[in-house]
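Undergrad: What follows is a single structure, and I will ask about it in a moment.
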Amino acid sequence: NGLLLLLTEGFMYKPASSTFYGPRFLTGAVGRSVTHQCFYSITPANKHDRKFWCKKGRDGVCYTIISTTDFISKDYMGRVALEDVPQNGTFMVTMTQLKTSDTGSYRCGIGPTNRDLFVSLNLTVSAGTVMGQGGGQVPCATHCFKQLWA
């Protein structure tokens with residue numbers, strides 16, 4: 001788990017270390033909420049670096065919805081929140097008042113751009129009721145994550 005050094009705008013920058021993970025699929029129902037939890041290694045770089053949640057557009061660019069740099073996209077104002085808990089190496093993104101148009105590919109990650117260290121996931125918002133394991137542990141291929149449902 002070494003750090004990659006990049007030269008950015010005339011100064012050295014150490015991006016987040018390489019351990020970052022979270023669930024790959026989320027489901028929610030129209031009008032309801034979903035919380036996505038991302039995990040990262042507890043390192044000085046990771047603790048203080050920008051955390052972000054973005055949605056990929058049709059052009060392949062991941063547009064920031066919310067970040068720890070006090071940015072919230074106007075399209076999501078009032079229905080998205082990000083809580084970073086650096087001492088636990090995790091941050092949670094909650095989206096409320098889900099719409100079918102929220103269906104798509106998202107990234108949660110760390111770094112000054114949305115192309116640094118991230119996990120991609122797909123959110124599917126359906127018109128029907130979604131059953132989930134509220135607060136339960138859900139196994140995945142190489143690790144476990146906590147899926148929270150509202």
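The values are calculated or read from the model by the stated rules, or taken from the named source; none is laboratory data. Owing to the predicted nature of the structure, the values given are computational and were not obtained by experimental measurement. Positions of Cβ are generated from backbone atoms using ideal geometry, with glycine treated the same way; all protein chains shown enter the neighbour counts. SASA here: full protein model, heavy atoms, side chains in, ligands and nucleic acids out. Shrake-Rupley method; radii C 1.70, N 1.55, O 1.52, S 1.80 Å.
Undergrad: Which pairs do you get when a residue that is over 13 Å from Leu98 (Cβ atoms), found in the range 74-86, comes within reach of a residue that is part of a helix (DSSP H, G or I) and open to solvent by less than 30 Å² (accessible area, probe 1.4 Å), reach meaning Cβ atoms under 7 angstrom, with the pair 6+ apart or on two chains?
TA: So the pair list comes out empty.
Undergrad: Condition check: aromatic (Phe, Trp, Tyr), more than 11 Å from the chain's Cα centre (by Cα) and either farther than 18 Å from Cys38 by Cβ or at pLDDT 95 or above (or both). Does Tyr76 satisfy that?
TA: In short, yes.
Undergrad: Within the range 28-73, restricting attention to residues that are over 11 Å from the mean Cα position of the chain (by Cα), over 15 Å from Leu121 (Cα atoms) and of a type in the set (A, V, I, L, M), which residue is most open to solvent (accessible area, probe 1.4 Å)?
TA: Ile42
Undergrad: Report, ordered by the first and then the second residue, all pairs with beta carbons closer than 6 Å, sequence separation of six or more or different chains, a first member in the range 100-115 that is touching a residue at least 24 places away in the same chain (Cβ under 8 Å), and a second member that is surrounded by 19 or more Cβ atoms within 10 Å (Cβ to Cβ) and among the charged types (D, E, K, R).
TA: As it stands, the answer is Gly104/Lys55; Tyr106/Lys55; Ile110/Asp49; Ile110/Lys51, since those pairs meet every condition given.
Undergrad: Hey, another quick one. The conditions are (1) modelled with pLDDT of 95 or more; (2) closer than 15 Å to Leu117 by Cα; (3) more than 15 Å from the chain's Cα centre (by Cα), and Tyr13 fails exactly one of them. Which is it?
TA: It is condition (1) that Tyr13 fails.
Undergrad: Something else now. Consider the range 74-87. How many of its residues are surrounded by 11 or more Cβ atoms within 10 Å (Cβ to Cβ) and not hydrophobic (A, V, I, L, M, F, W, C)?
TA: The qualifying residues number 6.
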